[in-house]
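Let me begin by presenting the structure, written as structure tokens, before commenting on it.
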Amino acid sequence: MRSPGIPFLAAGCWLFAASTVAAQRPADGYHSSAALTSALKAASGSAVQVSNIGTSAGGLPLTAVRLGVGEDVDSRPAVLLIANAWGPEVVGSEIALGVVQKLGAGYGKDSAITALLNRATIYVIPRANPDAAEAFFQNPLMER
């Protein structure tokens, strides 16, 4: 004869897991577009320039960051980092924000970062698809 405890244990584990998942929305811990822009502006230092380069189809700002120092900042070797081109992958924006914060805070303090930003320019577009990313923060969860 089967023990009735196994189905009850399985059901209890499923309910616990379902309640844990329900308490955490997928967007928890990630920056909305407005919060991301604020965090980027807070990272500003002598090597960081944050600017609005346009507006999305949904009316959200497209933000870009330029990391570099000197008179020739726009004419020297450069790297372009584009994040969050696909809406639901907002983790890319978080990584881009971390890069901006690390390089911005390290300029003048870390010799490798200072040397890098004195000879090269890094352009960052942390959220290339802000409309689809904002849908990720909607309730119910939407995807564009």
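The values are calculated or read from the model by the stated rules, or taken from the named source; none is laboratory data. Because the structure is a prediction, the values reported are computed rather than measured. Glycine also receives a Cβ, built like all others from the backbone with ideal geometry; neighbour counts cover every protein chain displayed.
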Exercise. Tally the residues that are assigned to a helix (DSSP H, G or I), farther than 20 Å from Gly54 by Cα, polar (S, T, N, Q) and touching a residue at least 24 places away in the same chain (Cβ under 8 Å), restricting the search to the stretch 91-124.
Key: 2
Practice problem: Taking the options Val73, Val69, Val79, name whichever one is out of contact with any Cys (no Cβ under 9 Å at 6 or more places or on another chain), part of a strand (DSSP E or B) and under 17 Å from Thr121 (Cα atoms). | Solution: Val79
Self-check item: Residue identified as of a type in the set (S, T, N, Q), exposed (fewer than 14 other Cβ atoms within 10 Å of the Cβ) and at pLDDT 90 or above among Ser56, Ser111
Solution: Ser111
Quiz prompt | Residue list for the stretch 90-108, restricted to those being among the polar types (S, T, N, Q) and within 12 Å of Ala47 (Cβ to Cβ) | solution = Gln101
Self-check item: Failed item, numbered, when Leu40 is tested on (1) surrounded by 13 or more Cβ atoms within 10 Å (Cβ to Cβ); (2) modelled with pLDDT under 90
Solution: (2)
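Could you tell me whether the stretch 83-90 includes any residue that is in a helix (DSSP H, G or I) and of a type outside the set (Asp, Glu)?
Looking through the stretch 83-90, none of the residues is in a helix (DSSP H, G or I) and of a type outside the set (Asp, Glu).
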Practice problem: Pairs only if they're at least six apart or on different chains, beta carbon under 6 angstrom, first in the stretch 125-139 and within 21 Å of Val100 (Cβ to Cβ), second β-branched (Val, Ile, Thr); list them, first residue then second. | Solution: Ile125/Ile82; Ala128/Ile82; Ala133/Val90; Phe136/Val90
Quiz item: Taking the stretch 59-90 as the search range and keeping residues that are free of Cβ contacts under 8 Å to residues at least 40 places away in the same chain and within 17 Å of Phe136 (Cα to Cα), which one is surrounded by the fewest Cβ atoms within 10 Å (Cβ to Cβ)?
Solution: Gly59
